[in-house]
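Before any comments, here is the structure.
The values are calculated or read from the model by the stated rules, or taken from the named source; none is laboratory data. Computed from a prediction, not measured in an experiment: that's the story for all the values here. Note: ideal-geometry Cβ built from the backbone for every residue, glycine included; neighbour counts use all protein chains shown.
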């Protein structure tokens, strides 16, 4: 696999924003295959899976997670800026329980980590705030629902949202919102109307959240619905879009054979979204693009390295990356960048 070598100056902690391209300048993503590039500057912490990430300004923040080989969970935190590289930040205090399979989101200049699983396999519901400005941690109000793992989290406007997951009894489909100003959790006024699941992906576009993929391993298997959440539509915020499997009699979904998965990653770049990796009976390396404009999916270049799940993906300064995760019994730390508008060249 090709490698792209970056030369970094002294790493610093800055904030990070998810950028999307101008609609008039974004190439048509269906006219090229896309390129995966292995970056030589891999994640500097211990190899791990089931970590979390959130973004503030121009920087991604990566922390927590689980080491299969060491059988331990983490409470460290790292920042990544495409221009300035990696930096280690203050680890969470001793009162923070090291964890994996947590959920994270950011509001303003603060990141929030909640839920997860500790080293004794206990499920957690505490919530912690990390201030990018002061490089410090503050305990906040506990999550309002049951303790759980593998929930899906995202931010729209000034609120954080957490939904679904597994709570040691069953997969869930409840949806919660967090208000940082009042430090309060509450159920969303109208509840998520998709299938219950764990290990789903949230894609944020035009102040809406698209909830896709995941598994209901209590009997339903991999889910194939796609639900969009628009909080500005108070009367009917959840809308079901077309399935991500071949469930219709129309021809548009005849090739939808390997989009479904759990514990994959997703990005939004320009006017399209992309999902890759995760599990579907085995590791799913197929990469798919999604056009928001017409609710259809299209194939892109398969992830080139070993298949994996429980990875993290993030977009900073208009650039999308995948790092950490597990492949069989091996934990990973490589950093891979996705170029959706490039044509794949096996020789570059």
For segment 266-282, name all the residues that are at positive phi and either in contact with a strand residue (DSSP E or B) (Cβ under 9 Å, 6 or more places away or on another chain) or surrounded by fewer than 20 Cβ atoms within 10 Å (Cβ to Cβ) (or both).
277, 278, 281
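Before we move on, is residue 285 free of Cβ contacts under 8 Å to residues at least 40 places away in the same chain, buried (at least 16 other Cβ atoms within 10 Å of the Cβ), touching a strand residue (DSSP E or B) at 6+ places or on another chain (Cβ under 9 Å) and on the phi < 0 side of the Ramachandran plot? So that I can check it myself, show each step before the final result.
Values: free of Cβ contacts under 8 Å to residues at least 40 places away in the same chain: yes; buried (at least 16 other Cβ atoms within 10 Å of the Cβ): yes; touching a strand residue (DSSP E or B) at 6+ places or on another chain (Cβ under 9 Å): yes; on the phi < 0 side of the Ramachandran plot: yes.
So residue 285 passes the test.
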What single numbered condition from (1) more than 30 Å from residue 239 (Cα to Cα); (2) assigned to a loop (DSSP other than H, G, I, E, B); (3) in contact with a strand residue (DSSP E or B) (Cβ under 8 Å, 6 or more places away or on another chain) fails to hold for residue 94?
(3)
Mind checking whether some residue in segment 308-324 is touching a strand residue (DSSP E or B) at 6+ places or on another chain (Cβ under 6 Å), without any contact (Cβ under 8 Å) to a residue 24 or more places away in the chain and crowded, with 18+ Cβ neighbours inside 10 Å?
no
Filtered residues of segment 76-88 (kept if outside any strand (DSSP E or B) and either over 21 Å from the mean Cα position of the chain (by Cα) or buried (at least 21 other Cβ atoms within 10 Å of the Cβ) (or both))
83, 84
For segment 213-301, give me every one of the strands (runs of 3 or more DSSP E) that falls completely inside it and has 3 or more residues that are over 21 Å from the mean Cα position of the chain (by Cα).
none
Just to be sure I understand the filter: pairs with C-beta atoms under 9 Å, separated by 6 or more residues or on different chains, first member in segment 94-119 and free of Cβ contacts under 8 Å to residues at least 40 places away in the same chain and on the phi < 0 side of the Ramachandran plot, second member surrounded by fewer than 16 Cβ atoms within 10 Å (Cβ to Cβ) and in a strand (DSSP E or B). Which pairs pass?
98/72
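Out of curiosity, is residue 180 at pLDDT 95 or above, within 22 Å of the chain's Cα centre (by Cα) and surrounded by fewer than 22 Cβ atoms within 10 Å (Cβ to Cβ)? Steps first, answer last, please.
Working: at pLDDT 95 or above: yes; within 22 Å of the chain's Cα centre (by Cα): yes; surrounded by fewer than 22 Cβ atoms within 10 Å (Cβ to Cβ): yes.
It is true that residue 180 is at pLDDT 95 or above, within 22 Å of the chain's Cα centre (by Cα) and surrounded by fewer than 22 Cβ atoms within 10 Å (Cβ to Cβ).
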Would you check which residues across segment 97-122 are under 24 Å from residue 204 (Cα atoms) and part of a loop (DSSP other than H, G, I, E, B) and list them?
101, 102, 108, 109, 115, 116
